[in-house]
Amino acid sequence: MKRALSILAVASALGGPVLAEEFKWAGTTDPQTMDPHAVNSAPVLGFLNNVYEGLVRRGKDMSIEPALATSWEPIGNGEGWRFILREGVTFHDGSSFDAEDVLFSYQRASNEVSDTRSWFSPVSDVKVVDAYTVDILTKAPNPIFPDSIANWMMVDKGWAEANEAALPDKENGNYATLNANGTGAFMVSEREPGLRTELVPHTGWWGEVEHNITRAEFTPVQNPATAVAALLSGDVDMINPVPIQDAERLAGSGDVQVIRGIEARVIMLGMAQESDVLKYGDDEGKPNPFKDARVRAAVSHAVNVPAILKTIMRGNAEPASQLVSPAMRGYSNANADRPAFDQAKAKALLAEAGYPDGFSFGLKCPNNRYLNDEAVCQAVTSMLAQVGMMAQLDAMPVQNYWPELRADNYDMYLLGWSPGTFDAEHPIRFLASTPNKEKKLGSWNFAGYSNARIDALLPMIQSEIDATKRQAMLDEAAQIMQDETAYVPMYVQPLVWGTGQNISLTQRPDNFFILRWVSVN
Amino acid sequence: MSDQTSQSAPKSMFARAWDSDFAYKFRRTPVAVVSALVVALLVLSAVFAPLIAPHNPFDPASLNLMNGFTAPMAANEFTGDVFWLGTDDQGRDVFSTILYGMRISLFVGFSAVLFAMVLGITLGLIAGYVGGWIETIIMRAADVQLTFPAILVAMLIFGVAKGITPIEHQDKMAIWVLILAIGLSDWVQFARVVRGATLVEKDKEYVQAARMIGRGKGIIMLRHILPNVLSPVLVIATISLALAIIAEATLSFLGVGAPPTQPSLGTLIRIGQGFLFSGEWWIILFPSITLLSLALSVNLLGDWLRDALNPRLQ
Amino acid sequence: MLTFVVRRVFQSALVLLIVGLVAFSMFRFVGDPIDNMLGQERTDADIARLRTELGLDQPFPVQYVKFLKGAAEGNFGVSYRQGRPVSTILVERAPATLELAAVSGFFAITIGIGLGVFTAIRRDGFMANMIMSVSLIGVSLPTFLIGILLIYLFAVELGWLPSFGRGDVVHIGWWSTGFLTASGLKALILPAITLGLYQMTLIMRLVRSEMLEVLRQDYIRFARARGLKERSVNFRHALKNTLVPVITVTGLQLGSIIAFAIITETVFQWPGVGLLFINAIQFVDIPVMAAYLMLISVMFVGINLIVDLLYFAIDPRLRVDQKGAK
C-alpha cells in the first residue's frame, strides 16, 4: 500500500534547514479537547492516542494488542473479563499507574456527562481485585468487549482530582480540557487550542521506542489547497488528508510521497422509508416510492459506482456491498458483490413498481463532511436522472446537515459510517435496527428502515461467543439488507496522506495518526 | 455646470446621443471601445447561451461521468468525446458551463448592484437632504449593516429564507437570496457617499434657488441634487458590479452560493480551485479568464464613463 | 461639538444592542451545535440534556438578555468548541488580526493615495494608464483565488515565503507580535497583500477621481496662476480638498479589512479572529460568534464615529450647517 521510497530521499529539497528530528504535521480538524473522555470523535481520540493509553490498543494491522494490560481472559461463563495490568508504568507527571486509576477512569468515562459513556453500556460493574488486576463484569456475555475499549484511555486519579477534573466538563471546560497527563509515548508540552499543539517524547514510557522524534507540532489547516502548498513548500512534513485529485500528481512530483489506504468508512445512500409522502421536488406530497424495495433496488442499479471510483475518487476507493468494509471484523464474504450498474434493469424495476416515467424527489448532501461528498452527490444526481429519477440536490455544510436529517427533511441522503468497534455489529445497531429511544437502538437510522428479523438478530449477535455462529448471523443480516436494499452502500472512503520524502510512517485504517511509528530520516 | 437638461432642444434621444461629445469621445478611445465590445460579447453570449453552447450543463441526465476531466481538445480515454475547453469533474463541457454560468453571474451581479444602488441612493439622498431623526435612523441602520460582513448577511438571509419558503421552492430560491444578500451588503457604500455629497450640494446656490421658486423636496432631490452626486456613485457602481460577481464567488468558496448543479462563474472557480494542484488547469483557468475579462472590461468601461460623463473634466 | 459627540455615543450604544439582537436571532439558522459536541454514539437523551445545559432550549429573548448581562461584565461565556472563556480566546487571537489589518491598511492607504495622486496628475500618461489597468486585474479576481495563486507562486514554486501561518511570534505581555522576527515578517507579506489589494485599488481610484475634479476648480487655477509650485498645488491644495470622500470611504474600508480578513485568514491559516470566526461557524460555536460580532460592531461604530468627527473638522460648511440646524 505504501509507495516505494525514492533512493534520493535525503532531506526534502525545498525544506529549510530544519532539525532532522522535528516533525510538523497538519490535519483539517483541531482536537477540540485534551480530555479523553469528553468527546467521542475521531480527531480527538486519534490525537490523544499519542498521549493517553488504554488497557488494550490497536496495532499496525488494527489487531488488538496489550497496552496497559498485559493480558486478559473471560471470567467464568461470560460474566465479564479479567485484565492483568502492566507494572512499572508512569504517567507524564511521574505518578504510577495501577488498578485504582482503571476504576477511576471507568467511573469518569462512563459518567453521564462523558461522551464515551456508550462504550460501557454492556458493563455492569468494575472491581479492583488487587493493585494490578481488574475485573470488568458485563450484563451479558460479550465476546468483543476487549475490542470495544481500545480508545478508553486511562487517566491518573490523583492528577484529575487534584486539578478538579474528576469529571469531564465539555460545556465549560476544566483543567483536563487544556492539559493532558497520560501514560503515552508523547506528552503535550504546549497547547494553543485551534492553532497548534506541541508534543515531546515521554522519557519514562514503558514501550520500545520506534520513532526518532524530539519535538512534534500539529497545526490544523482547513483549506485543502493551503495544506498541499504547505507540504510542497516543506512547511510541514505530513498532511492528512491529501485531496484525492491531487494524490497522483503529488506522488509523481518527486518531492513528496503519497500514502494510500482504505478507511473504515462506508459511504452510502439512505432513503426515507417511514414517510408516506415525498417531501421535495415536483412530486412533493405524492406517495413515497422509496417505501417500495423495488424502487430502492432500482437506485442501487442506477448508480454507476465504478465510474465514481474511476473519476471522482481517481481509483483510490473500493466499492462497498454492505455497511462495513472488508477490513472489519464480521464482514460478510458471502455478500461481497454489490448490485451491478444496469440502467435497463433499474428502469424495469421502476416500471414494475409503477413508476415507468420515474419521479422527482429531494437529495440532501453534506458538502464538507466526506471526501468529495458534493461531487459524488452531483454524479449520483445525474446517474439517477438517466433512469428517470429526478433528484433535486441540496448540498450544505455539515452543521446544517445533521439537523436536517434529524428533522426528517429529505427523501434521499448521503451518509458515511465508520464503526467505532471495527465490527459489523456496530452499523446494525446504529443504522439498521428499528429506532428505539429507550433501548438506544437505531439512533442514526434516519431512514426508518425496519425489519423484525434484523431486530431479533442484533441481541443474538451481541452475545454470541462462537465465532462461526456469529458470522452466520451477520451474514444473514447482510443478506436481508441487500435483498431489501435497506441502504445503497457505494464505496469505502480512501485514506490519502502525504509526507515529505524523508518521512516513514504507518497508516492505520481508522485514520488515526500514530506518532510513535514515525521516523524522520 | 448646473441644469443642462432644461436647456436642451427637443431632439430625438438617439440622434442627440450619437451627435454628442460623449459618443465622439467614445469612438476616439480605443480602451473604451474594446472594453465595450468585450462586455457586449460576453453579455450576448450569456444571453444566447442555449443557442451557442454545445451542451446544456444544467441537465443532469445528459452528463456522462466517464467524460470527467477530459483535457481541452483531447479525446476522452473512455468515450472518445472531444471538448474545446475540456470537461470538469462531472463530465460537464467547460465551455458550455462557462456560458451558462456567466448568465447566472451577470444576472446576480446586475440585479444586486441595481438593488443596492436604488436602495443606497434613495436612503442617502433622504438622509442627506432631509436630515434630522430620519437621517439618524438611516445612518445608524447603515452602521448596523456594515457591521455584518457580506458572508454573514448572506448566511442570515439564506437561513431565514430557508425557514420561511416552502421546501419545494428552495432550489429556485438560491439565486434571489444571493441577489438580496449581495445587494444588502452593498447599499451602504452608495448611501454614505450620496449623503456626504448631498450635504455639500444642498446649500449651494442652485439648490437654494430651486427651493426658492417653490420646487418640492422630491423634485429637488431627483432633478437637481442627484445628477450632481452621480460621479462618486458611478465609481462605486462600476466597481460594485465586478465586485458583486466576485462576491458571489467568495460566498461560494465559503459554502453559501449558487448550487453546484447550476454553477455560476464563481462556483466554477471554486470547484476548479480544488484542481489547481492536480493538473486539471483548464477547470479553473477558463472560468477565471472569463471572470477576469468580464470584470476588467466593466471596470475599464466604468473608468472611462466616469471621466466622460463628468462635465467638470471637459 | 460636545452634544454632538454625546449624542453619537448614545446612538452607538443603541446600534450595538441591535447588532446583538440581530446576531442572536440569526444563530438559530447557522446550524445546531449539538451534533458537533456529541459523538457518533450519542442518544436522544444526551442531546436533550446538553441542550438544557447550554440553555439552548430557552426562547431566544431569554438567551439574549443572558448574553447581554454577561457581556456588560466583560463575560462572553465559554466557547462550545474549546471549553475556554471566549474573552481569553479573543485576546489571544486579536493581535494576529490587528497586525495583519494594520499592515495591509497601511499598504492600501500609502500606495493607494500615492498612486491615486500620480495617476491624476499624469492623467493621460502611459504609466498612469498602465497602473490604472493593471490595478484592475487585482480587483477582478476573488480574494481567495488571489491568495491561493500567491501561495502557489511564492511559496510552492519559488519557495521565498511561507505558505501559511504567522511564523514565530514574540510575546510582549498578552500581546503576541510577528513584527520582531524574520519569519514573522515574511509570513505577513502574502496575506497583507491579499487583504489590502482591493482596498488599495479602491482608494487609488477614488483619490484619482476626486483629484481630477479638484484640479479643475478655479482656486487651483488661481493658485497655479499665482505661480505656486506644482507640488505645492498638488499636495497642499488639491489633495487636501479631495479628502472628504476619501476619508469616508477609507474609514469604511479599514473596517471591511477586518471583515475581509475572514477570507484571507482562512486561505493562509492566519491565526486571527477571522479564522476563529469561520471555525466558530463550522462548529456553531454561538458564544464565539456572538462575541466576534459584538467586537466587530464596536470597532465599526467607532470608525464611523471618527469619520463623522473628521468630516466635521475638515469641511467647515458642515459645522455651520449643524449649528444652523439647532
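Go through the residues of segment C:161-183 one by one and say whether even a single one is in a helix (DSSP H, G or I) and either in contact with a strand residue (DSSP E or B) (Cβ under 8 Å, 6 or more places away or on another chain) or over 20 Å from C:Val273 (Cα atoms) (or both).
Yes, the conditions are met somewhere in segment C:161-183.
Let me spell it out: the conditions are (1) of a type in the set (Asp, Glu); (2) open to solvent by less than 10 Å² (accessible area, probe 1.4 Å); (3) at pLDDT 80 or above, and B:Glu135 meets all of them except one. Which number is the exception?
(2)
I need the full set of residues from segment C:1-16 which are more than 8 Å from chain B (Cβ to nearest Cβ), in contact (Cβ under 8 Å) with a residue 24 or more places away in the chain and of a type in the set (A, V, I, L, M), in order please.
Listed by number, the residues that qualify are C:Met1, C:Val5, C:Val9, C:Leu16.
Condition first: facing chain B (nearest Cβ under 10 Å) and open to solvent by less than 10 Å² (accessible area, probe 1.4 Å). Now tell me which residues in segment C:267-280 satisfy that. Talk me through it step by step, then tell me what you get.
Looking only at segment C:267-280, we keep the residues that are facing chain B (nearest Cβ under 10 Å), and these are C:267, C:274, C:277-278.
Listed by number, the residues that qualify are C:Val267, C:Gly274, C:Phe277.
Residues are listed down the side, and each one gets a yes or a no for (1) at pLDDT below 80; (2) polar (S, T, N, Q):
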position	(1), (2)
B:Asp59	no, no
B:Pro72	no, no
B:Glu77	yes, no
B:Val82	no, no
B:Asp89	no, no
B:Arg92	no, no
B:Ser96	no, yes
B:Thr147	yes, yes
B:Leu156	yes, no
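Which one of the conditions (1) surrounded by 15 or more Cβ atoms within 10 Å (Cβ to Cβ); (2) more than 14 Å from chain B (Cβ to nearest Cβ) does C:Tyr152 fail to meet, given that it meets all the rest?
Just one mismatch for C:Tyr152, condition (2).
Quick one: what pairs do we get from segment B:100-113, first residue of a type in the set (A, V, I, L, M), second surrounded by 22 or more Cβ atoms within 10 Å (Cβ to Cβ) and not in a helix (DSSP H, G or I), C-beta under 6 Å, 6+ apart or different chains?
The qualifying pairs are B:Ile104/B:Ala258; B:Ile104/B:Ser264.
Scanning segment A:356-371 for residues that are open to solvent by 20 Å² or more (accessible area, probe 1.4 Å) and facing chain B (nearest Cβ under 8 Å), which turns out farthest from A:Ala298 (Cα to Cα)?
The qualifying residue farthest from A:Ala298 (Cα to Cα) is A:Asn368.
Please identify the pairs in which a residue from segment B:280-293 that is under 13 Å from B:Gly86 (Cβ atoms) and within 11 Å of chain C (Cβ to nearest Cβ) has its Cβ atom under 7 Å from the Cβ atom of a residue that is of a type in the set (Asp, Glu) and assigned to a helix (DSSP H, G or I), counting only partners at least 6 apart or on another chain.
Correct list of pairs: empty, since none qualify.
Going by the conditions given, is A:Gly182 closer than 21 Å to A:Val44 by Cα, within 11 Å of chain C (Cβ to nearest Cβ) and touching an Asp or Glu at 6+ places or on another chain (Cβ under 7 Å)?
On the way: closer than 21 Å to A:Val44 by Cα: yes; within 11 Å of chain C (Cβ to nearest Cβ): no; touching an Asp or Glu at 6+ places or on another chain (Cβ under 7 Å): yes.
No: the conditions fail for A:Gly182.
Suppose we keep only residues that are under 25 Å from A:Ile144 (Cα atoms) and without any contact (Cβ under 8 Å) to a residue 40 or more places away in the chain within segment A:76-102. Which one would you say is most open to solvent (accessible area, probe 1.4 Å)?
A:Gly76
Against the condition away from chain B (no Cβ under 14 Å), free of Cβ contacts under 8 Å to residues at least 12 places away in the same chain and either aromatic (Phe, Trp, Tyr) or buried (at least 20 other Cβ atoms within 10 Å of the Cβ) (or both), how does C:Gly83 come out, does it pass?
In short, yes.
Can you pull out every residue in segment A:334-349 that is touching a residue at least 60 places away in the same chain (Cβ under 8 Å) and either open to solvent by 60 Å² or more (accessible area, probe 1.4 Å) or within 14 Å of chain B (Cβ to nearest Cβ) (or both)?
Scanning segment A:334-349 gives a single hit, A:Ala334.
Output the residues belonging to segment B:262-290 that are open to solvent by less than 10 Å² (accessible area, probe 1.4 Å), aliphatic (A, V, I, L, M) and in contact with a Ser or Thr (Cβ under 7 Å, 6 or more places away or on another chain).
B:Leu265, B:Ile269 - these are the residues of segment B:262-290 that are open to solvent by less than 10 Å² (accessible area, probe 1.4 Å), aliphatic (A, V, I, L, M) and in contact with a Ser or Thr (Cβ under 7 Å, 6 or more places away or on another chain).
B:Arg223 fails exactly one of the following numbered conditions: (1) open to solvent by 30 Å² or more (accessible area, probe 1.4 Å); (2) within 14 Å of chain C (Cβ to nearest Cβ); (3) at pLDDT 75 or above. What is the number of that condition?
(2) is the only condition that B:Arg223 fails.
If you go through segment A:372-414, how many residues are of a type in the set (S, T, N, Q) and within 14 Å of chain C (Cβ to nearest Cβ)?
Number satisfying all stated conditions: 3.
The values are calculated or read from the model by the stated rules, or taken from the named source; none is laboratory data. Not measured: the values here are computed from a predicted model. Here the Cβ is made from the backbone with ideal geometry for all residues, glycine too, and neighbour counts use every protein chain on show. Just the protein is used for accessible areas: all its heavy atoms, side chains included, with ligands, DNA and RNA removed. Shrake-Rupley method; radii C 1.70, N 1.55, O 1.52, S 1.80 Å.
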